[in-house]
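The values are calculated or read from the model by the stated rules, or taken from the named source; none is laboratory data. Predicted model only: the values in this text are computed from it and were never measured. Cβ sites come from the backbone with ideal geometry, for glycine too, and all protein chains shown count toward neighbours.
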Amino acid sequence: MIKNGDKLPDASFQLLTEEGMQNLSTDDLFAGKKVVLFAVPGAFTPTCSEAHLPGYVVNADKLKAKGVDSIICLAVNDAFVMNAWGEAQNAEEIMMLADGNGAFTKAIGLDMDTGAFGGIRSQRYSILVDDGVVKQLNVEQPKQFEVSKAEVMLGWV
């Protein structure tokens, strides 16, 4: 599993925008930037929709006031689902990023197999990234939601 001080691995992500589908690399997203990345097991799922994403929506201005260039919500879902979820949650300040095949999630060692429920998904976590390097990694224990909250991340930026 990735740890504090590690460089994020090269990966490709998808983002649906008004201009259409964009393929973005790790460098596109993190090079020269201070970024808060948080990952959820799935879009439209209960804790993710009721608490995790809304916490970042509410605290986006506070995070950006502390020098965060972008806030990224990542899930092993497709870009269409991530875009629809972002719209449903009024997440205009959050980049709703798709790790469609889970390659990035697997590369950082934070994947989990949910079996018939949904297959390969991401564990719940948050990372403070500075110029592509992990500064603070907060990984939740299974079925917990404590350390990856926006309010916790505010203390790390």
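Worth pointing out:
Conditions (1) of a type in the set (Val, Ile, Thr); (2) not in a loop (DSSP other than H, G, I, E, B), marked per residue:
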| residue | (1), (2) |
| --- | --- |
| 71 | yes, yes |
| 77 | no, no |
| 80 | no, yes |
| 84 | no, yes |
| 87 | no, yes |
| 91 | no, no |
| 96 | no, yes |
| 100 | no, no |
| 104 | no, yes |
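- Exactly one residue out of 60, 43, 39, 79 is touching an Asp or Glu at 6+ places or on another chain (Cβ under 6 Å) and surrounded by 19 or more Cβ atoms within 10 Å (Cβ to Cβ): that is 60.
- Restricting the range 101-146 to residues that are among the aliphatic types (A, V, I, L, M) and in contact with a Phe, Trp or Tyr (Cβ under 8 Å, 6 or more places away or on another chain), the residue that is surrounded by the most Cβ atoms within 10 Å (Cβ to Cβ): 127
- Verdict on residue 49 being over 16 Å from residue 127 (Cβ atoms) and out of contact with any Asp or Glu (no Cβ under 6 Å at 6 or more places or on another chain): yes
- Pairs meeting the criteria (first residue in the range 145-157 and in contact (Cβ under 8 Å) with a residue 60 or more places away in the chain, second residue of a type in the set (Asp, Glu) and part of a loop (DSSP other than H, G, I, E, B), beta carbons under 7 Å, at least 6 apart or on different chains) are 148/140.
- Neighbours by Cβ (under 7 Å, 6+ apart or cross-chain): first from the range 10-22, at pLDDT 95 or above; second surrounded by fewer than 19 Cβ atoms within 10 Å (Cβ to Cβ) and not in a strand (DSSP E or B): 10/26; 11/26; 11/103; 11/107; 14/100; 16/80
- Meets criteria (over 16 Å from the mean Cα position of the chain (by Cα) and either within 18 Å of residue 111 (Cα to Cα) or at pLDDT below 95 (or both)) for residue 6: yes
- Selection from the range 42-57 of residues that are outside any loop (DSSP other than H, G, I, E, B) and among the aliphatic types (A, V, I, L, M): 51, 53, 57
- Evaluation of residue 23 against the conditions (1) farther than 21 Å from residue 106 by Cα; (2) surrounded by fewer than 18 Cβ atoms within 10 Å (Cβ to Cβ); (3) touching a Leu at 6+ places or on another chain (Cβ under 9 Å) shows that the sole unmet condition is (1).
- Per the conditions (1) within 16 Å of residue 140 (Cβ to Cβ); (2) out of contact with any Ser or Thr (no Cβ under 7 Å at 6 or more places or on another chain); (3) touching a residue at least 24 places away in the same chain (Cβ under 8 Å), the sole criterion not satisfied by residue 39 is (2).
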